[in-house]
Amino acid sequence: MMTNLFSVFDPSSSILNLSLNWLSTFLGLLMIPSMFWLIPSRYHVIYSNILLTLHKEFKTLLGPAGHNGSTFIFISLFSFILFNNFMGLFPYIFTSTSHLTLTLTLALPLWLSFMLYGWINHTQHMFAHLVPQGTPAILMPFMVCIETISNVIRPGTLAVRLTANMIAGHLLMTLLGNTGPSMSLILVNILIITQIALLVLESAVSIIQSYVFAVLSTLYSSEVN
């Protein structure tokens, strides 16, 4: 019996007080060997092309000041989030990205490392970022406050955006699915078509949200160089 609508997202299966649901985060490791260590397959070629495209795009976003190899951090982040978003679309598999525990764990260390690196190595550049170019002298104190707040809330917005998008679609599908048994045959057919359409939408959201998370992380890192 559900005591709360959001309890469908809670980890429930456990052995010796260890939550087993979070193990779904590591299921992707089982799929890596056949893709990368054997003879290259079509999936390998497609995945390699996707990674190459992402590498070029992130390289452009980072600009000439970006360090060599830094794009691979964001490509790994994209792949990790994308995989976990997709796993959550399968029945009875726990969606780890619908929890702030995971999303904040990804966003907070990234943001903190960018801030520390920027303020230690490029202090003048970071101070210059607090006041946008062409700001009137009278508005400068207010702009510093606004820019500081927008900097501080960045990890929160990254984490909440991903979590909220994952919860919203899954919650809608759960609510619609629970109404099925009480419907007539015609309405059930309409419901199934709606659920398929929502599933396609959620698949697109899974890709878009992982891409948005990785791109915004890249942009935040490019600001500190």
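Summary of computed values
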{"quantity": "Chymotrypsin sites (Phe, Trp or Tyr not before Pro) restricted to DSSP loop in region 86-125 with at most 15 other C-beta within 10 Å", "calculated": "92"}
{"quantity": "Carbon + sulfur, % of accessible area of region 33-130 - ligands and nucleic acids excluded, 1.4 Å", "calculated": "73 percent"}
{"quantity": "Carbon + sulfur, % of accessible area of region 137-176 - ligands and nucleic acids excluded, 1.4 Å", "calculated": "84 percent"}
{"quantity": "Heavy atoms of residue 170: accessible area, 1.4 Å probe, square angstrom to 10", "calculated": "20 Å²"}
{"quantity": "Surface accessible to a 1.4 Å probe, residue 142 within the full protein complex, Å²", "calculated": "130 Å²"}
{"quantity": "For region 7-224, accessible area per residue (1.4 Å probe, heavy atoms of protein chains only), Å²", "calculated": "61 Å²"}
{"quantity": "Where 154, 42, 161 fall by accessible area, highest first, once all protein chains stay in place (1.4 Å)", "calculated": "42, 161, 154"}
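The values are calculated or read from the model by the stated rules, or taken from the named source; none is laboratory data. Since this is a predicted model, take the numbers as computed values, not measurements. Neighbour counts are summed over all protein chains in view; Cβ atoms, including those assigned to glycine, are modelled from backbone coordinates with ideal geometry. The protein model used for the area step is the full one, side chains on, heavy atoms only, and it has no ligands, DNA or RNA in it. Shrake-Rupley method; radii C 1.70, N 1.55, O 1.52, S 1.80 Å.
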